[in-house]
Amino acid sequence: MQKTKSPKLPVYLDYAAATPLDPRVIAAMVGCLSLEGTFANPSSKDHVYGWQAAEAVEQARGEVADLVGASPLEIIFTSGATESNNLALLGLAAALRKQGDRRRSIVTSRIEHKAVLEACGLLQEQGYHVTYLNPRPDGTFDVDLLQPYLNDDVFVVSISQANSVTGAVSDMHALAALCRTYGIYYHSDCAQSIGYEKFDLSASDISLVSLTPEKICGPKGVGALFINRTQQVPLAPQIVGGGQERGLRGGTVATHQVVGMGAAFAIMAAEGAAQKVKLNALRTQLMTLLQQGTDCRINGSAHHHLPHILSVTFPGIDGAMLLPSLRDTACSSGSACSSAELKPSYVLTAMGLSDDDARASLRLSVGRFTTEDDIKRAAADIIATVNKLKR
């Protein structure tokens, strides 16, 4: 019987949503699954299996800390950046309230990840006041934009280092330093920028940082929260039951997930600089081809952006038809957490784009396994599709 040939899959340009695991990460995780591996509960202190699992977890904690310039004592494992964001914001508010702190104001931005925006929304329901800042037209924030909104009632500012839709990068260290002069905690969701931007967290005024390996060819379902120990940031656990992770996150630590995160961070520590150069070259190649073949506009900062994310608007086309018409490219219109809503990207509209232009936009994100041939193939598909929709 003749074997049916599998159809050729489209080019994957949605690394900002999810990445395939690096084979080295897979190998590290598989080593934690069988009887011969470090499968045990790392909280089991009564036998060698538990000791080995605990040692593997602590090695991974050190690998995470090394990449971001922190102490392992400042890293708490969670189930992902979403939980880290919730622990940072809801946990900080609850702890301060318990201490008798009367501050009830938060400053964030309109272009944050939904995990930050919805956590702030929950605090609003509890009587807190939230200020939502609009970014600069290039999608960035700076101290001049933030300072007018800081006062004695603000206890935390949460602005990401890099936006997940446009890749625009803000100087979170400068923003944190400003907040520190007011006695305000600073939190940043750094899911997209890990390994590509300056961290050195122990030397920074940043209070809390949400981390995840899923954007750098590591596993989903695991993350971490950096907690600046010099600031003695108070946090109330949001998941209780067992006192794991220094009492801040109950539940059995998933050894294989944590080890996979550590491996992904160790790879970025060794290879991140070279990867940044490669990805930026692929991004530039894609941008050049699209600019040559279509009437398009690039969204975000032209000067300081992530190497792997390109946001492009194609004015004058029916945006509702853009993604469904692409035959050879797998990408998105914006954040994967919001794209199912069939609404224009709230990030792009906050930057000043019209609803029509925001709908007629693509987020194209390259990654570790993207090739130059992939770029040429995807560019040809997008150019042909856009020009057809124009006609």
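The values are calculated or read from the model by the stated rules, or taken from the named source; none is laboratory data. Model, not experiment: these values are computed from the prediction. Virtual Cβ from ideal backbone geometry, glycine too; neighbours counted across all protein chains shown.
Which ones in region 154-164 are out of contact with any Leu (no Cβ under 7 Å at 6 or more places or on another chain) and in a loop (DSSP other than H, G, I, E, B)?
Within region 154-164, Ser160, Gln161, Asn163, Ser164 qualify.
On the basis of being at pLDDT below 95, assigned by TED's automatic domain parsing to the domain that holds Gln161, out of contact with any Leu (no Cβ under 8 Å at 6 or more places or on another chain) and not basic (Lys, Arg), does Glu214 make the cut?
no
Every residue, every condition in (1) crowded, with 20+ Cβ neighbours inside 10 Å; (2) of a type outside the set (Lys, Arg); (3) touching a residue at least 24 places away in the same chain (Cβ under 8 Å); (4) closer than 18 Å to Val116 by Cβ, yes or no:
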position: His129; (1), (2), (3), (4): no, yes, yes, yes
position: Tyr132; (1), (2), (3), (4): no, yes, yes, yes
position: Leu145; (1), (2), (3), (4): no, yes, no, yes
position: Phe155; (1), (2), (3), (4): yes, yes, yes, yes
position: Ala168; (1), (2), (3), (4): yes, yes, yes, yes
position: Ser193; (1), (2), (3), (4): yes, yes, yes, yes
position: Asp200; (1), (2), (3), (4): no, yes, yes, no
position: Ser204; (1), (2), (3), (4): yes, yes, yes, no
position: Ile216; (1), (2), (3), (4): yes, yes, yes, no
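Suppose we keep only residues that are over 30 Å from Arg24 (Cβ atoms) and over 25 Å from the mean Cα position of the chain (by Cα) within region 348-378. Which one would you say is surrounded by the most Cβ atoms within 10 Å (Cβ to Cβ)?
Step by step, filter region 348-378, then rank; the result is Asp356.
Identify, from the list Glu125, Glu118, Glu55, the residue that is free of Cβ contacts under 8 Å to residues at least 24 places away in the same chain, surrounded by fewer than 22 Cβ atoms within 10 Å (Cβ to Cβ) and under 30 Å from Ala269 (Cα atoms).
Testing whether each residue is free of Cβ contacts under 8 Å to residues at least 24 places away in the same chain, surrounded by fewer than 22 Cβ atoms within 10 Å (Cβ to Cβ) and under 30 Å from Ala269 (Cα atoms) leaves just Glu55.
Arg377: in the same structural domain as Leu323 (by TED's automatic domain parsing), within 30 Å of Leu21 (Cβ to Cβ) and not in a helix (DSSP H, G or I), yes or no?
Answer is no for this residue.
Name the single residue that is nearest to Asn280 (Cα to Cα) among those in region 165-185 being assigned to a helix (DSSP H, G or I) and of a type outside the set (A, V, I, L, M, F, W, C).
Taking the candidates together, the pick is His173.
Need the failing condition index for Ala176 against (1) small (Gly, Ala, Ser); (2) in contact (Cβ under 8 Å) with a residue 24 or more places away in the chain; (3) surrounded by fewer than 16 Cβ atoms within 10 Å (Cβ to Cβ), just the number.
All conditions are met except number (3).
Identify the residue in region 14-25 that is over 30 Å from Val312 (Cα atoms) and in contact (Cβ under 8 Å) with a residue 12 or more places away in the chain and, among all such residues, is surrounded by the most Cβ atoms within 10 Å (Cβ to Cβ).
Among residues in region 14-25 that are over 30 Å from Val312 (Cα atoms) and in contact (Cβ under 8 Å) with a residue 12 or more places away in the chain, the one surrounded by the most Cβ atoms within 10 Å (Cβ to Cβ) is Val25.
Could you run through region 22-65 and say how many residues are among the hydroxyl-bearing types (Ser, Thr, Tyr) and touching a Cys at 6+ places or on another chain (Cβ under 9 Å)?
Qualifying residue count, region 22-65: 1.
Residue-by-condition table, conditions (1) closer than 30 Å to Leu362 by Cα; (2) at pLDDT below 95; (3) in a loop (DSSP other than H, G, I, E, B):
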{"residue": "Met1", "(1), (2), (3)": "no, yes, yes"}
{"residue": "Lys5", "(1), (2), (3)": "no, yes, yes"}
{"residue": "Leu9", "(1), (2), (3)": "yes, yes, yes"}
{"residue": "Ala18", "(1), (2), (3)": "yes, no, yes"}
{"residue": "Arg24", "(1), (2), (3)": "no, no, no"}
{"residue": "Ala28", "(1), (2), (3)": "no, no, no"}
{"residue": "Gly37", "(1), (2), (3)": "no, yes, yes"}
{"residue": "Ala40", "(1), (2), (3)": "no, yes, yes"}
{"residue": "Lys45", "(1), (2), (3)": "no, yes, yes"}
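Looking only at region 218-233, count every residue that is surrounded by fewer than 17 Cβ atoms within 10 Å (Cβ to Cβ) and either closer than 18 Å to Leu90 by Cβ or touching a helix residue (DSSP H, G or I) at 6+ places or on another chain (Cβ under 9 Å) (or both) and tell me the total.
5
Would you confirm whether any residue within region 92-107 is part of a helix (DSSP H, G or I), loosely packed, with under 15 Cβ neighbours inside 10 Å and in the same structural domain as Lys220 (by TED's automatic domain parsing)?
Yes, there is a match, as at least one residue in region 92-107 is part of a helix (DSSP H, G or I), loosely packed, with under 15 Cβ neighbours inside 10 Å and in the same structural domain as Lys220 (by TED's automatic domain parsing).
Determine which member of the set Asp318, Asp328 is among the acidic types (Asp, Glu), touching an Asp or Glu at 6+ places or on another chain (Cβ under 8 Å) and either assigned by TED's automatic domain parsing to the domain that holds Ala65 or closer than 21 Å to Ala379 by Cβ (or both).
Asp328
Looking only at region 186-222, count every residue that is on the phi < 0 side of the Ramachandran plot and assigned to a loop (DSSP other than H, G, I, E, B) and tell me the total.
Number of matching residues: 22.
Taking region 179-189 on its own, how many of its residues are within 16 Å of Ala224 (Cβ to Cβ) and without any contact (Cβ under 8 Å) to a residue 40 or more places away in the chain?
Looking only at that region, the number is 1.
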